[in-house]
């Protein structure tokens with residue numbers, strides 16, 4: 001989990017996020033930076049050329065110059081202004097593209113990091129908050145990078161140019177413009193603390209709010225929401241969490257805004273003082289009329305730019321520092337480690353295995369001992385909550401035991417890397433994914449090989465094993481049929497989708513395959529047919545079937561009966577029926593399901 005108490009300095013933030021941004025697209029990053037420098041200098045050149053233009057006009061009026069020189073200077077000033085606008089457009093375009101590239105890269109890093117963290121973390125709601133914070137931190141991290149780039153490549157060159165220019169005209173002008181912005185700059189330090197604390201409080205509320213919204217509008221929920229008449233219920237929850245979230249945001253914004261208003265008044269008085277100094281210098285003939293006109297016109301621009309830097313860019317930067325810290329803390333979460341071990345055999349041995357979920361009071365599995373032989377077909381049965389799915393996740397190495405050991409081919413799952421464990425394992429879970437892709441893409445997404453011929457052969461075989469009927473009525477474009485009406489495709493029934501998911505599981509090359517109740521939407525007799533076919537196809541592989549329908553378990557070599565986190569019985573169907581234990585009790589209760 002993220003350690004929210006760990007302090008992270010601004011220097012460390014920059015040291016982390018800036019290299020990530022630069023390595024996303026080094027050449028484009030450099031190009032955008034160079035463009036920013038020219039853009040910033042062009043604003044200073046505008047002021048300098050404006051002074052020259054005004055001075056030449058004044059001299060011409062006094063008959064000290066020729067009119068044609070004014071025309072030449074007008075053309076030259078026009079060219080400078082046009083170049084400035086071109087650089088402005090190019091710089092904005094480059095910055096927007098840079099934001100998209102960096103955002104995509106950082107989101108990819110968050111996703112890849114999530115894939116390297118132990119699966120058990122996802123059972124902890126605090127970790128889900130951490131992911132939410134990290135995603136918000138991506139946006140804040142991109143903003144901080146762009147602000148740094150703007151400061152160094154646009155604002156710094158501009159103010160260096162203007163500082164030298166004003167200092168040569170009258171030194172006090174250069175110093176006074178800097179001093180009037182110190183009060184505003186100080187307020188930004190307040191933002192760091194206020195909005196850092198806000199982000200920690202807002203993340204769980206934001207995730208809760210998004211969930212209630214999805215319950216109202218997303219396809220997965222809206223049918224049930226409307227039929228049961230609970231739209232209003234979720235609407236009230238959504239509004240309640242939204243009000244609470246907005247209340248916290250308003251409290252933070254109000255606190256900072258009151259301070260900024262006071263500092264802005266001080267800055268405004270300083271602005272008036274600069275204009276007075278400028279006018280006084282003109283009256284005392286310390287600067288020319290052209291310099292007065294150029295500086296008078298540019299002071300407002302400088303004031304706006306400095307206000308933009310401090311109140312907008314640096315203000316947003318400090319506001320998002322809390323989110324950036326969360327992004328960096330997320331990247332520092334320990335990843336699942338393990339050696340790259342080649343697992344040759346799929347004999348599975350569990351010794352005194354116990355497991356407890358985060359923040360749970362009771363163990364989901366308690367002192368489980370189990371041996372599965374390679375190429376054996378095992379069925380795991382039991383009532384809801386007996387620990388079937390948890391047992392399977394431990395066997396596959398998705399979860400690690402709290403106590404005891406799980407070995408696959410003499411390899412301890414705690415010592416092997418995820419890639420080593422999952423390489424030759426395929427599975428179909430009850431909550432499978434319905435990808436808005438073509439039928440073929442939905443199947444082959446599980447495992448892609450570079451050999452196209454192999455893919456075609458394996459694909460056809462997987463469709464056959466799943467017993468999916470690819471007919472013109474359901475799949476008008478055959479294997480290329482898009483499986484979602486939302487993307488101009490078709491909708492499938494629950495049973496058809498389950499067969500697609502099963503085909504996906506078969507498609508991946510495997511030495512062990514697990515079916516964890518993926519046939520819940522299929523009637524018991526059809527389910528038994530699928531499992532019988534599965535048993536035939538799975539010969540030569542270790543196979544595990546998890547089901548609460550005991551008629552399907554008869555196909556297994558052995559049946560493992562789970563009860564309250566423990567193994568109560570193990571044996572063939574016939575052996576367990578003779579023992580008159582838990583298995584027979586459940587089977588007799590379901591017997592009528594399998595009568596033809």
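The values are calculated or read from the model by the stated rules, or taken from the named source; none is laboratory data. The shown structure was predicted, so the numbers you read here are calculated from the model rather than taken from an experiment. Here Cβ is always computed from backbone atoms with ideal geometry, including for glycine, and neighbour counts include all displayed protein chains.
Things to note:
- Pick from the range 272-303, criterion assigned to a helix (DSSP H, G or I) and without any contact (Cβ under 8 Å) to a residue 12 or more places away in the chain, ranking: surrounded by the most Cβ atoms within 10 Å (Cβ to Cβ): 282
- Of the helices (runs of 4 or more DSSP H) lying entirely inside the range 318-436, those containing at least 1 residues that are surrounded by fewer than 22 Cβ atoms within 10 Å (Cβ to Cβ) and touching a strand residue (DSSP E or B) at 6+ places or on another chain (Cβ under 9 Å) are 388-396, 418-422.
- Criterion (surrounded by fewer than 19 Cβ atoms within 10 Å (Cβ to Cβ), out of contact with any helix residue (DSSP H, G or I) (no Cβ under 7 Å at 6 or more places or on another chain), under 23 Å from residue 151 (Cα atoms) and in the same structural domain as residue 169 (by TED's automatic domain parsing)) met by exactly one of 34, 79: 34
- Taking every residue in the range 226-247 that is assigned to a loop (DSSP other than H, G, I, E, B) and pairing it with any residue that is at pLDDT below 85, at least 6 positions away or on another chain, the pairs with Cβ-Cβ distances below 9 Å are 230/215; 230/224.
- Every pair of residues 6+ apart whose Cβ atoms lie under 6 Å, when the first sits in the range 491-504 and is closer than 12 Å to residue 530 by Cα and in the same structural domain as residue 475 (by TED's automatic domain parsing) while the second is assigned to a helix (DSSP H, G or I) and at pLDDT below 85: 499/466; 502/466; 503/462; 503/466
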